[in-house]
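Here is the structure we will look at, set down as structure tokens.
Only the coordinates and a few stated rules stand behind these numbers; no lab work does. The shown structure was predicted, so the numbers you read here are calculated from the model rather than taken from an experiment. Note: ideal-geometry Cβ built from the backbone for every residue, glycine included; neighbour counts use all protein chains shown.
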């Protein structure tokens, strides 16, 4: 989507000017991975309007393969508005009903393209857009498993987009089709009415995934598989500027670690670092680092820990 953020006032009712940028969980993850030197492809659908061209140019400019992005002249590109009243009060308004992305269908998917990937990353946002989008995401997950491509699923619950009953049913279905699931603790509560880390992780594993990593915000993350479990401490930051995109930065960091053959624990540690870095910059993806910035941040944090 294209995201507009008020500039002249934090509240839209008073704002006369807005900053324009690109937003979207999947694009944030793709950008985070590309900045760390990984080969990434983005599958989506955009309008043929100026906003669609703007998104396509921005994502391509980050080094991401957009060959699988379709353009549709009959439907507009989605929009959303983000009010940052303060770092603890972020208000989002979506305008994406009937958007081009909501019309994506199973015949828009190139199986030969998908089967050559190492990981497929999906979120719980896309199936909330329409029945077509839901069917397409499920088909992609099934194709990935058919070709032994690891499926990484971030529930990324958006209550404004669908009913709680439908969300709970479909997100649980997607857990069962995933290899790795990265929920927030609030999503574990939503799906399974469980807020304790280990029992919550057990609920996800019982649905069929191999690995669950529960995001705990500034506190870090909890990792559990059938053979190991553990809490990985987060990276403290002095001031949170904009928390939007931190979870996507976490996913990008984790996937980067897996692509670099790090252990699960070290991949989660990298994820925690990038999530923390993203909160210190305004924008959905602007704080995502390259390798040099990431290593510098983690080195500085480790030195601080040693001095304690």
Worksheet item: Could you state the principal axis extents of the C-alpha atoms in the chain, from the largest down, to the nearest angstrom?
Response: 56, 48, 37
Worksheet item: So what is Rg over Rh here for the range 207-308, counting just Cα atoms and using Kirkwood for Rh?
Response: 0.97
Worksheet item: Tell me, how many Å apart are the Cα centres for the range 95-128 and for the range 243-297?
Response: 23 Å
Worksheet item: What order do you get for 3, 237, 212, 92 when you list them from fewest to most C-beta neighbours inside 10 Å?
Response: 92, 237, 3, 212
Worksheet entry | Relative contact order (percent, whole number), the range 202-252, Cα cutoff 8 Å, 6+ residue spacing | 24 percent
Fill in: Mean separation of Cα contacts under 8 Å (6+ apart) over length of the chain, as relative contact order %
14 percent
Discussion item. Just to be sure I understand: of the beta bridges DSSP finds with both ends in the range 1-140, what percent are antiparallel, rounded to 5?
Written reply: 65 percent
Worksheet item: Which percentage, to the nearest 5, of the DSSP beta bridges contained in the range 175-305 is antiparallel?
Response: 75 percent
Worksheet item: Peptides 22-34, 53-65: what's the order by average Cβ count within 10 Å, highest mean first?
Response: 22-34, 53-65
Practice prompt. Would you mind calculating the relative contact order of the range 8-163 from Cα pairs under 8 angstrom and at least 6 residues apart, reporting the percent as a whole number?
Written response: 18 percent
Response to the item:
Expected sort for 107-120, 265-278 on mean C-beta neighbours within 10 Å, highest first, is 265-278, 107-120
Worksheet entry | Fraction of beta bridges assigned by DSSP in the range 43-99 that are antiparallel (%, nearest 5) | 70 percent
Fill in: Highest-fluctuation residue, 20, 238, 82 considered, GNM on the chain with Cα pairs under 10 Å
238
